[in-house]
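First comes the structure, then the notes that go with it.
Every number in this text was worked out from the coordinates using simple rules, so none of it is lab data. Everything quoted here is computed from the prediction, not taken from an experiment. With ideal geometry, Cβ positions are generated from the backbone for all residues, glycine too; neighbour counts draw on all protein chains shown.
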Amino acid sequence: MIKHCVFIRFKDSVTLQQRAELYAAIHALHHHLPGWLNYVAGANVTVEAGMDKGFNGGFVLDLADAAARTAYLADAQHQRIGQQLVAAAEGGLAGILVFDLEV
């Protein structure tokens, strides 16, 4: 299984509603992507001062295997949503961290 972790430094101008809409758009991909197992998204609620490095939101997507991740990454709808995430992130791509764990 692959845990696809995406952490975002949302711009201050991106409202909670806009963030929720982006998370919902990602979640909607599960209807047509094979190997989608689980998904959680939301605000960073850490209490460890300074450890968040400004990442204030994100999501974790569990995918069955590397093939499912490849299908997810190649999906045209995913790529459009990814562009919206980049636009919503402070500094564009610099405001997004992707970390995949194989478990």
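Using only DSSP helix segments of four residues or longer, with each worth -39500 (n - 2.57), what per-residue ellipticity at 222 nm results for the chain after dividing by its residue count and rounding to 500?
Numbers: 3 runs with 35 residues, N = 103.
Calculated at 222 nm, the ellipticity per residue is -10500 deg cm²/dmol.
Under a 10 Å cutoff between Cα atoms, tell me which one of L85, L29, L63 has the largest fluctuation in the Gaussian network model of the chain.
Judging by the Gaussian network model, the answer is L29.
Choose one answer from E48, E90, E21: the residue with the largest mean-square fluctuation in a GNM of the chain with alpha-carbon springs under 10 Å.
Of E48, E90, E21, the Gaussian network model singles out E48 as fluctuating most.
Could you work out the mean projected area of the convex hull around the alpha carbons of the chain, in square nanometres to one decimal?
Working: hull surface 25.7 nm².
Taking the Cα atoms of the chain, their convex hull projects to 6.4 nm² on average.
Tell me, what is the percent relative contact order of the chain, built from C-alpha pairs under 8 Å that lie six or more residues apart? List each step's numbers first, then the result.
On the way: 151 pairs, mean separation 50.6, N = 103.
Reported as a whole number, the value is 49 percent.
Give me the one-decimal nm value for the distance between modelled label points at E48 and A66, 7 Å along each residue's Cα-to-Cβ direction.
About 2.9 nm separates the two model spin labels.
So if each residue of separation counts as 0.36 nm, and I subtract the Cα-Cα distance between K11 and A24, what length gain in nm does that give?
On the way: separation 13, 0.36 × 13 = 4.68 nm, distance 1.83 nm.
Once the chain is fully extended between K11 and A24, it gains 2.8 nm.
Quick one: among T15, T70, T46, which has the greatest mean-square fluctuation in a GNM of the chain with alpha-carbon springs under 10 angstrom?
Comparing T15, T70, T46 in the GNM, the peak value goes to T46.
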